[in-house]
Amino acid sequence: MKKYGMLICLFALLIFVFVCNHVYAIDSKYETVKIGLYYSSSAKSQVNLSSDSGFEAGYMDGSNFVVQSSLPGTSFSVSASSGGVMIEGVYYAYENGNFALKPLSGTLYIDGEAYRGGVEFITDSKGLLTIINFVNINDYVAAVVGKEMSPIWHIEALKAQAVCARSYCITTWNKHSSLGFNLCNTQDCQVYHGISGETESTVLASLETKDQLLMYGQSVAEALYSSSSGGSTGYSKYVWGNDVPYLQAVADPYDLSSDNPKAAWSVTLTKEDIKKKLTNASINIGDIIDFKVTGADEYGRTYEITIYGTNGNYVLKNDRTRSFFGLYSQKYTISGSAVPNETLYALTSTDAVAVTSFNVLSSTANIVPESFYISGAGGLKCYSDVDDTPSDSYVIHGSGWGHGLGMSQYGAKAMAEQGFDYIQILQHYYVGTYVQ
Ligand SMILES: [Zn+2]
């Protein structure tokens, strides 16, 4: 019996080791994230700090806070002073002039704004203070979710957002390393304003996905997200030119829900507007003859626009087809002006017989139809006729808001409301990924 007992113990030990190896925890080097609050042009000469409990003072060794002393008082201002800081008449500088403070317990207030974790000061080349909040990554995620998504949205959408925010944090880790922190607090990285971003639901979303990351193969996936895909996500190669295996176009019918404010939008541009944009960018192709989409993916997401001028053509590619004209997304069509003098398309039949309706698709200012469709028993057929003078205006009809890569936030909301969980949501938007 003793022998069996030993074997059972050994077996139990093996199971224990196996389970331990498969309980995922985030790599310890990512436990604390440094967020730049004031830096470069927003760096400060002075800032007010307070806490409910008094402070420990020290410096940051990487992401570890090394305590050197404690500071009396719970409220004071910190000023830049020859490579260090001055607090109530006392000069402090540790390790290359770096200086950090952490409340003994509870909340830290930086110029009245509440944060978790502590604060690090680095004197920049102008003698001003770069002010950095160092904070646990899961606390950071709870605060980001409340700023990047509405905290009253469905918990599964918030959890998907939490995994995106945490994963994006790690893949963006070195973005601002030259300034001494990991990520900034603006939309350039992810919007973060400390505890004001937390609600019960965003804290829960972070907690229920604690340490979880979106993975592709053995690497953390760059979990890009945007407000609305407009009905299909984009190919990364057609946005920023790099082909990322999990950032591929997928049909996204969930996105076009009735509460999505950018499910449909339109913008009118005159030829003069287009010429002005080009002139402002120091591009001269003369007067504008035409302007059209010359490249779009199978879902109608634009990746190439050609502007035809009296003095040459100008081609916009990838995300410039959005940014050049300040459009909401790359998912749009252009109508108006020089419509080709031919049949545009026949949808279901070669002939439309017994006309039952007649609709104008676009017209010039003098209300002469340039294109129209007729529908009848034989199907639907579209014609255009531009013997008339073309209009000087183009109407851009689009849908979606943002770069359109990866998760659509409005799509995630609709999926969650339809019963999908956060892992299903993430796997819909990021092809071939898993959550760990
Ligand atoms: Zn940034």
Spatially proximal lysines relative to Lys331 (Cα-Cα < 17 Å; intrachain offsets below 8 disregarded): Lys237, Lys262, Lys292, Lys317
Peptides ranked, highest mean first, by Cβ atoms within 10 Å: ranges 231-244, 269-282: 231-244, 269-282
In Hz, Karplus ³J(HN,Hα) per residue of the range 424-429 (6.51, -1.76, 1.60; θ = phi - 60°; x = Gly, Pro): 4, 4, 5, 6, 5, 8
Computed Kirkwood radius, in angstrom, where 1/r is averaged over Cα pairs of the range 144-226: 13.1
Relative contact order (%) - the range 115-191, alpha-carbon pairs under 8 angstrom, separation at least six: 22
Pairs of alpha carbons in the range 144-297 whose separation is greater than 22 Å (percent): 57
For the range 30-136, radius of gyration divided by Kirkwood radius, i.e. Rg to Rh on alpha-carbons: 0.91
Relative contact order of the range 30-136, pairs being alpha-carbon contacts under 8 Å that are 6 or more residues apart, as %: 35
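No lab work stands behind these numbers, since they all come straight from the coordinates. Remember, it's a predicted structure, so these values are computed and weren't measured experimentally. Methodologically, a virtual Cβ is constructed for each residue, glycine included, from the backbone with ideal geometry; neighbour enumeration extends over all protein chains shown.
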